[in-house]
Amino acid sequence: MRRPNAIQKESEQIATVQDLTGVFESTASTQVAKVKDKAQLAQEFFELLWKRYSSLRIDPGERIGERDNVEESNKKVFVMISAEAGLSGDIDQRLIEQMLDNYDGKTTDIVVLGTHGAQQLQQKGIPYTHHFTVPETDQYIDVSPVISAVSGYASITVYYEVYVSLGVQEIQTIDLAARIKDMGEDVDTDDIMTSEDTIFEPSLEVIATQMERTMMALALSQTILESTLAQAASRFNAMAGAKKRAEELHDLLNMEFHHAKRSESDRRMREIMISLKKKKQRARMA
Amino acid sequence: MKHKDDNEDLSVIARGPFDIYYEGAAKAVSASNAVGQFDILPGHADFFSVLDPGEITVTTSNKPVTFNANNGIITVRDNEVMLFINI
């Protein structure tokens, strides 16, 4: 059995880990609440704008499909939205595994958002063409550099993380161009705005072109925001799990400490008893 | 074209991704686009435009509400004005 002071030292270290994981758990919980509110506001905004964009009487699908800078090779790109830092549980790992199930290096390039994902891909020896950092912020992120990096591809698939509940986060994918295309297809005919009944300034063509880029950027920003929320929830779960394990370990060490203490006092008691017995024997002999 | 009641107030929604700048009735909305400064009054024709950076003013029955936009989109449909700011 280990000595009580060695156990006590380890127990103190575990108590520190327990405190730290408690702080991380609390920070992650605050982050979840904060990002959840923002995500809800942004979703309402996005839906309103989406509705207005859908009402433009130009088939957005055709426009997206006819982008001038699409490469002749028709190469695909996967955009992977991971966490910027670690301590977010296994969610990035699951994201990468799901993405790699559909990955073919000959036909597909990878663009990574988030340093954690980039590091994991490097460790697996999977190349990526671009890496963008994702600031740990609940503000909208300027995604124009990402849009510029992916706009030349025939197909843009975004792999991102979705918050289902505090305990459940899922991996989802969207085809960015197809999503914008789908918008124009389920519009109520009463909502359609044409140049016959609407004034477009400076022109319908200019507005449609700008709206396509804006909607694509907003759709990407939404996925980043959703991922940020899922990562915060995953971090909360990871920290709650680590805190629970630290508590269990701390309890075990406490028990071991008391056993060791009792065992030590029993041993001393036995030694005292033996010594007393010997003294009595020696007194009788004398 | 649908009939528009010139006596009605405008119904205005001005939002950013994380901000609600104004929501409610208004007498007018003033902003600027590539063509120049413009005002939207009740009964305005349906309208869709990209906004230039600058100040936007919503004139209400109380004091006017102003806010700045780096960019944005304005749509007018049947006296309903939607401003999508800083997108």
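Bear in mind that the values in this text are calculations on the coordinates, not laboratory data. Just so it is clear, the model here is predicted, and its values are computed rather than measured. Don't worry about glycine lacking a Cβ; one is built from the backbone with ideal geometry, like all the others, and counts go over all protein chains shown.
With no solvent and one point per C-alpha, what does the Debye sum give as log10 I(q)/I(0) for the stretch A:144-286 at q = 0.11, 0.18, 0.19 Å⁻¹? Treating every Cα as an identical point scatterer, log10 I(q)/I(0) equals -0.71, -1.11, -1.15. Given a Förster radius of 22 Å and the C-beta distance between residue A:247 and residue A:33 as r, what FRET efficiency does 1/(1 + (r/R0)^6) yield to the nearest 0.05? The calculated FRET efficiency here is 0.40. Computed over neighbours whose Cβ is under 10 Å from that of residue A:25, the net charge equals +3, Lys and Arg +1, Asp and Glu -1. Take the alpha carbon atoms of the stretch A:101-171, find their center, do the same for the stretch A:14-32, and report the distance between the two centers in whole angstrom. Measuring centre to centre over Cα atoms gives 28 Å.
Sequence-ordered 3J(HN,Hα) estimates for the stretch B:26-40 from the Karplus curve with 6.51, -1.76 and 1.60 and θ = phi - 60° stand at 8, 8, 6, 10, 10, 7, 9, 9, 4, 7, x, 6, 9, 10, 9 Hz, glycine and proline given as x. Per residue, the average separation of C-alpha pairs within less than 8 Å and at least 6 apart gives chain B a relative contact order of 32 percent.
Could you give me D for the stretch A:229-277, from Stokes-Einstein at 10 °C and 1.306 mPa s, where the hydrodynamic radius is the Kirkwood radius over C-alpha pairs? Units µm² s⁻¹, please. Translational diffusion coefficient: 115 µm²/s. By the count of other C-beta atoms within 10 Å, a proxy for reagent exposure, A:51, A:243 are ordered fewest to most as A:51, A:243. In a fully extended conformation the segment linking residue A:271 and residue A:20 would gain 86.1 nm over its present Cα-Cα distance, using 0.36 nm per residue. With neighbours defined as other Cβ atoms within 10 Å of a residue's Cβ, the residues A:236, A:257 order from fewest to most as A:257, A:236.
Panel order for A:191, A:104, B:9, by other beta carbons found within 10 Å of each beta carbon, from fewest to most: A:104, A:191, B:9. Each Cα pair under 8 Å and six or more residues apart adds its sequence gap; the mean of these over the residue count of chain A is a relative contact order of 32 percent. Net length available on complete extension from residue A:13 to residue A:47 is 7.3 nm, with 0.36 nm assigned per residue and the Cα-Cα distance removed.
Provide the FRET efficiency to the nearest 0.05 for the residue A:213-residue B:23 pair, computing r from the beta carbons and using R0 = 30 Å.
Rounded to the nearest 0.05, the efficiency is 0.65.
Which entries in the list A:34/A:243; A:9/A:244; A:51/B:63 go over 27 Å, if you measure between the two C-alpha atoms of each? The answer is A:51/B:63. Altogether, the Stokes-Einstein calculation at 4 °C and 1.567 mPa s, with the Kirkwood radius of chain B over Cα pairs as Rh, returns a diffusion coefficient of 102 µm²/s. In this structure the amide hydrogen of residue A:75, modeled in the peptide plane, comes within under 5 Å of the amide hydrogens of A:154, none closer than 5 places in sequence on its chain.
The string of couplings for the stretch A:201-215 from the Karplus curve (6.51, -1.76, 1.60, θ = phi - 60°) is 10, x, 6, 4, 4, 5, 5, 4, 4, 5, 5, 4, 5, 4, 5 Hz, one whole number per residue in order, with x for Gly and Pro.
According to the Cα-based calculation, Rg over Rh for the protein assembly as shown is 1.26, with Rh computed by the Kirkwood formula.
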